[in-house]
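Here's the structure, in C-alpha cells; my notes come after.
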Amino acid sequence: MGLLFRNSTNSTVYVAYAYQNSDCRPVTYAKIGWFRLDPGQLREVWSGYAGGRTFFYYAESDRLVWSGPYFTQVPFQAFHWCWNVGCTTCRNVGMNRVDVGNFVFNHTVNLLGVSSSQRKSSENVTIALPTSPTNKKPVPRQMPKTMPKKLRKGRPVLRNRVTFPLKARRQT
C-alpha cells in the first residue's frame with residue numbers, strides 16, 4: 001500500500017514529492033527527494049494507506065520535466081525537509097498536486113514521455129505528462145495549513161534516495 005511512481009519514459013527520472021506532516025509549521029507539508037527511477041521502473045515512495053491524502057510531486061530527466069504551480073526550494077542532494085525550508089544553493093521547483101481518493105490503498109503517478117499513447121487515468125493512477133518549457137517567473141501559491149482529520153497512518157520511504165547527478169541537472 002502507498003504512493004508509487006512509474007517511469008514510462010526511456011530516460012532515468014528523478015522524483016521529489018511532498019506529503020502532509022503536522023510537525024511542519026506554518027505549512028503542514030514535508031518534502032523528500034531524490035528518488036531515482038530507471039526506465040520502466042516502479043518505485044514506492046510512501047508506505048501505508050494513501051487514501052484521502054494530498055501529495056505534491058516534481059520530476060525531471062535529462063530532457064523532460066514534470067512540474068506544477070506549487071513552488072518550494074529543493075537541494076541537489078537527498079533531503080527530507082519541511083515545505084518552507086530552503087538553502088542558498090537550492091533551486092525553486094514547482095510541484096504538481098495529486099489528490100488521492102478516500103478508498104484508494106495504492107496510488108501510482110505514471111510519468112509519461114511526450115510521445116506516449118497511454119493517457120488513461122483512473123481512481124488509483126494519475127497520468128503525468130511533461131510540462132511545457134516556460135520562461136515565466138515562479139508564482140508562489142499558498143499551501144493548505146491544516147491537516148485533514150481521521151487519516152490512517154502512513155510514512156515516507158526514506159531508503160533509496162540519491163543525490164541528483166551533476167550531468168542531469170537543468171540550468172535554472
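Bear in mind these aren't lab numbers, they're just calculated from the coordinates by the rules spelled out. Computed from a predicted structure; not experimentally measured. Reconstructed Cβ throughout: ideal geometry from the backbone, glycine too, with neighbour counts over all protein chains shown.
What does the charge add up to near Asn160, with Lys and Arg as +1, Asp and Glu as -1, over the other residues with Cβ less than 10 Å from its Cβ?
The answer is +3.
In terms of modelled amide H atoms, which long-range or inter-chain residues lie less than 5 Å from the amide H of Trp46?
For Trp46, whose amide H was placed from the backbone, the distant partners under 5 Å are Leu3, Val157.
If you average the alpha carbon positions of segment 54-79 and of segment 18-33, how far apart do those two centres end up, in angstrom?
15
Go through 15-24, 52-61 and give me the packing order, highest mean Cβ count within 10 Å leading.
52-61, 15-24
At a 10 angstrom cut-off on C-beta neighbours, averaged per residue, how do the peptides 85-97, 67-79 rank from highest to lowest?
Averaged packing, sorted descending, gives the order 67-79, 85-97.
Read phi for every residue in segment 67-74 and hand back ³J(HN,Hα) as whole Hz from Karplus 6.51 cos²θ - 1.76 cosθ + 1.60, θ = phi - 60°, with x for Gly and Pro.
Residue by residue, segment 67-74 yields 9, x, x, 9, 8, 8, 8, 9 Hz.
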